[in-house]
1. Would you confirm whether any residue within the stretch A:14-24 is at pLDDT 95 or above, more than 30 Å from A:ALA373 (Cα to Cα) and buried (at least 24 other Cβ atoms within 10 Å of the Cβ)?
2. What are the residues in the stretch C:2-50 that are in contact (Cβ under 8 Å) with a residue 40 or more places away in the chain, in a helix (DSSP H, G or I) and closer than 20 Å to A:GLN365 by Cα, if any?
3. For the stretch A:74-115, name all the residues that are outside any loop (DSSP other than H, G, I, E, B) and under 26 Å from the mean Cα position of the chain (by Cα).
4. I'd like to know if the stretch B:190-199 contains one or more residues that are in a helix (DSSP H, G or I), out of contact with any helix residue (DSSP H, G or I) (no Cβ under 9 Å at 6 or more places or on another chain) and open to solvent by 40 Å² or more (accessible area, probe 1.4 Å).
5. Looking at the stretch B:318-349 only, could you name the residues that are touching a residue at least 60 places away in the same chain (Cβ under 8 Å), touching a Pro at 6+ places or on another chain (Cβ under 9 Å) and open to solvent by 10 Å² or more (accessible area, probe 1.4 Å)?
6. Tell me whether the stretch A:108-117 contains one or more residues that are closer than 19 Å to A:TRP80 by Cα, open to solvent by 10 Å² or more (accessible area, probe 1.4 Å), modelled with pLDDT of 95 or more and of a type in the set (D, E, K, R).
7. Across the stretch B:381-401, what is the number of residues that are more than 9 Å from chain A (Cβ to nearest Cβ) and either more than 17 Å from B:LYS452 (Cα to Cα) or open to solvent by less than 10 Å² (accessible area, probe 1.4 Å) (or both)?
8. Out of all the residues in the stretch A:425-441, which are open to solvent by less than 10 Å² (accessible area, probe 1.4 Å) and at negative phi?
Amino acid sequence: MPYHTFKCSECIPERKKHAVVKGEDEDLTSCLPLGYLKTIPGTISERGCAFCGAKHVIGTPMKDVIHLCHGPVGCTYDTWQTKRYISDNDNFQFKYTFASDMKEKHIVFGAENLLKQNIIEAFKAFPEIKRMTIYQTCASALIGDDIDAVAKEVMDTMPDVDIFVCNSPGFAGPSQSGGHHLINIAWINQKVGTFEPKITSDYVINYVGEYNIQGDQEVMVDYFKRMGIQVLSTFTGNGSYDELRGMHLAQLNVLECARSAEYICNELRKRYGTPRLDIDGFGFKPLSESLLKVGLFFGLEKEAQAIIDEETARWKPELDWYARRLKGVKVCLWPGGSKLWHWAHVIHEEMGVDVVSLYTKFGHQGDMEKGIARCEAGALAIDDPNELEGIEAMKKLKPDVIFTGVRPGEVAKKLRVQYINAHAYHNGPYKGFEGWVRFARDIYNAVYSPIHQLSGLDISKNEIDTDKGFMTRQMISDVKIDKEAAIVSGERQYTGDYDCVSKLRDKKYPKIEKQSLSIE
Amino acid sequence: MSCELNEKDRAGVINPIFTCQPAGAQYASIGIEDCIGIVHGGQGCVMFVRLLFAQHFKDNFLVASSSLHEDAAVFGAAHRVEEAVDVLLMRYPDVKVIPIISTCSTEIIGEDVDGVIRKLNEGLLKEKYADREVHLISIKTPSFKGSMVTGYDVAVKDFVTAFAEKDDSNGKINLITGWVNPGDVTALKHLLSEMNVDATVLFEIESFDSPLMPKGDAVSEGSTTIEDLKGTANAMGTIALNRYEGGEAALYLEKKFGVPAVIGPTPIGIRNTDAFLENIRKMSGKPIPYSLVRERGVAIDALTDLVHMFFADKKVAIYGNPDLVIGLAEFCLDLEMKPVLLLLGDENPNYLKDPRIKELQEKVEYDMQIIRNADLWDLESRVKNKEVELDLIMGHSKGRFISIDYDIPMLRVGFPVYDRAGYYRHPVVGYAGAIWLAEEMANVLFTDMEYKKNKEWILNVW
Amino acid sequence: MDDIIQEQVEQLVDYIMKWCLWQFNSRAWDREDQNEGILMKTMQILCDEPVERETPSDKCYWVEAVILARDFKDNYPWLSKMEKNEIKILMKGLKEQIDYLTITGSLNKELTNPVY
């Protein structure tokens, strides 16, 4: 097995099997790190907790819901306003956050009454909202409050409200992934099948594992609507509580982030026979094939193809402009979970960048299987990286840019490595055809930043040009490209709007009549 | 006309003003050189607080976790702390100070951190790290008590308690700044330097504003040393600028080592800065120099241009850390403004006997409300129901949507500020802070006038 | 299997690994169903045989198979020169190799977890 030992982690034998280098002749039977094991204390891992995995990642993107945490105030405060999961109802879900505010007396005497008061108060403060999710925390789990019983009691007295309870305390598992799991299972057990949303199309899907980061969901739903498909529910970005109670009514589950949401797709397949179709919303080819697959499933492949043709014609010349200039750029693909495999191959194929390393904070071995299967030989794959390992890897691999979160991005900055926010995006959305161009543009802007170039200059040692007042990105990037070919090809830089999502909200869609299923 | 001191009339919190105690302890810990704290609890208690620091400073700070998982919640987690200390020491050869910061979970399961520290001191540190200076400090910050403010206060006191050591007088003043920004420390050190006073600053966090260097070798970390902390016992006096963020440490030094303590005032605005300098003069015996008279004059000059024309009778709501809120309210009054709503995000009983609050209650001539244990819904619901009309909000970024949704201009102050660039670099204390605050308030109001076309032409000539 | 087929199988495996996700369901039993369902139907499409797609799950496998067969044909011109019985041998080899990589030889310790 091609394990990689970090010098900084030689003293921790447990880390030995958590990093591998994919060799030329390696395959998944010889090259896979361990994954999703307990974090080693004191390593300064990047992982979060199971509470945040449940509440922050999956629960809160649900838009028409009061999200209440039962515990001390910190869990609520800390997971509030740190993400970009927008919604088309003016972002209620991230503007308002609710904490039962457990204090010492509640720890001693129990906090069930406090919780009940909280629920009633919250509904009173927002009388137009009739749905609530309640999240357990470490504190309420340890004192043994029966949140389900309190929720039931309230629902009995307030018939117009509905409450979902997620018992996923911070300590429930090695990372946030434990919370993804628990909330998936809790939702299908408690809520799926309890409501029948209106079916408005003959073609009905659930869009699962999609969190509407900077509008990803809205871009993808636009494609589905243009095909005549009803997106009955989205789990959970921009998703509606009652629609998600009706997940059992869809004909197909279209799954994006299998890491965080495959559980519910598997359960829906098992319990209701709904098939699970894994798709990639990122990249022209994977996205095109994904749309085509969904189209084929319903006999709507012509509609799908029309969208693919239109979008490709519109955006491919812009992607190509960036791809020509990104060729050979070295990338560390260091996201949380699913982007490790969503992006591993397609950024190489469509943008020409080389993925020199991939890591996952909270992924399981299944995510690494996908990532390692998709990346090129030579890449360093790391499970549950810690601060020093990340720094060691960057110093060794000297990437031009890393795709990661805000805080590790700051670590990279200091090492003079540019960063793109892989979780929340720089200027997304990154899904969809236009989104993919936006991603390429953001990478380009990072890599060829004139300020980045200046940051490497030591004015006390280097000779300084005294006749250069400025540099443009293109002056830096175009040094290495074939200018003639670039001009001839008709490629161009991104021409879309700063906000490419809001305008989708008022769009009207034609109703598509049911067609015969005779295809081939 | 009255000033009421009330408590929030709901049990729960809608949009909190504060996070919990461990965050405050972590903020204190990053101010110390060669210090990496271990938060004893779930990983989120660290990961999100580090994210908060990164959001505010746009930089990375080191704090470790004992990574509490299920089994630990059931069987106890002392071994997780032992392992964390060992792993940290093996991999970070410069680390000398390791505060072990408790959380709600480890307090509820009754972790004996002091016992673990004794065991480590007797065992691991003696056996494996005999030639290394290592200090393990237990900081008890259950999340269900107090707030990030009390957590900071507890941690400052615990650090001082752990290190302060009687020796010959060092002729210095201890300056405990409270929860401030690098820009504040720069402003305070400037005042001390003008006064020709040598001070131990807790904490030296100017270095949080760190560079990006050609070699890629810079990091953001505090630079208060163990020696600095030891020497606090030998100062000629302590000035704790913030009653609720470091006040306890000052009282400890007074009680234990006879170092006289002066608590407050928070030197926000001209008057409170004057008082701060007066306190230094009294403590050090050194006169206030002409340079500061002039500097004060520059500030007064700047304020004079603004107060009558733009600030008079403007109604302000302020929320955040208590000393900051009170200091800002006092400054606003000097600026002819009307702070009408002050929101303090925890239920600290000491607010009830805070002389500054009493003074407000007795002296203001218009309706003012101070709310304890407040949340941001206390602000928003009053705005929404038109119970208060506001010209300006001052507070941290978590309240940004009140400003955005109700079209009320807002000046970001305090912690965290993540929706404005570089605010940590600017002071709110001292004469420099008075200028920055007043001019930013003015500019925020000006921008709002233009955006709303509300007498924006008035700025044609001014 | 002769060397040529072996090499061709490798190419197809590489394609699936780089572009597909269906082979990586989280549990062994699902991987067996997915590999069987999708690769069988891909073989049927490539051999112009009728493809079962009455049930929702068959339809979903078929959808994957249609795209896979199309991509195989587009990317590997040698495929169109093959006889149907050769394609069957090739696809049998492919299925065995995918099963090996994703199930029998997999190092993923969660595959046998009895619940999702």
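The values are calculated or read from the model by the stated rules, or taken from the named source; none is laboratory data. Since we're looking at a predicted model, the values are computed, not measured. So basically every Cβ, Gly included, is an ideal-geometry build from the backbone, and we count neighbours across all protein chains shown. When the accessible area is computed, the model is the full protein with side chains, heavy atoms only, and any ligands, DNA or RNA have been set aside. Shrake-Rupley method; radii C 1.70, N 1.55, O 1.52, S 1.80 Å.
1. The answer is no; no qualifying residue exists.
2. Of everything in the stretch C:2-50, those that are in contact (Cβ under 8 Å) with a residue 40 or more places away in the chain, in a helix (DSSP H, G or I) and closer than 20 Å to A:GLN365 by Cα turn out to be C:VAL13, C:ILE16, C:MET17, C:TRP19, C:TRP22, C:GLN23, C:PHE24, C:ALA28, C:ARG31, C:GLU32, C:ASN35.
3. Of everything in the stretch A:74-115, those that are outside any loop (DSSP other than H, G, I, E, B) and under 26 Å from the mean Cα position of the chain (by Cα) turn out to be A:GLY74, A:CYS75, A:THR76, A:TYR77, A:ASP78, A:TYR85, A:PHE92, A:GLN93, A:PHE94, A:LYS95, A:PHE98, A:ALA99.
4. Checking the stretch B:190-199: at least one residue is in a helix (DSSP H, G or I), out of contact with any helix residue (DSSP H, G or I) (no Cβ under 9 Å at 6 or more places or on another chain) and open to solvent by 40 Å² or more (accessible area, probe 1.4 Å).
5. Of everything in the stretch B:318-349, those that are touching a residue at least 60 places away in the same chain (Cβ under 8 Å), touching a Pro at 6+ places or on another chain (Cβ under 9 Å) and open to solvent by 10 Å² or more (accessible area, probe 1.4 Å) turn out to be B:GLU330, B:GLY345, B:ASN348.
6. no
7. 13
8. A:GLY428, A:PRO429, A:TYR430, A:PHE433, A:GLY435, A:TRP436, A:VAL437, A:ARG438, A:PHE439, A:ALA440
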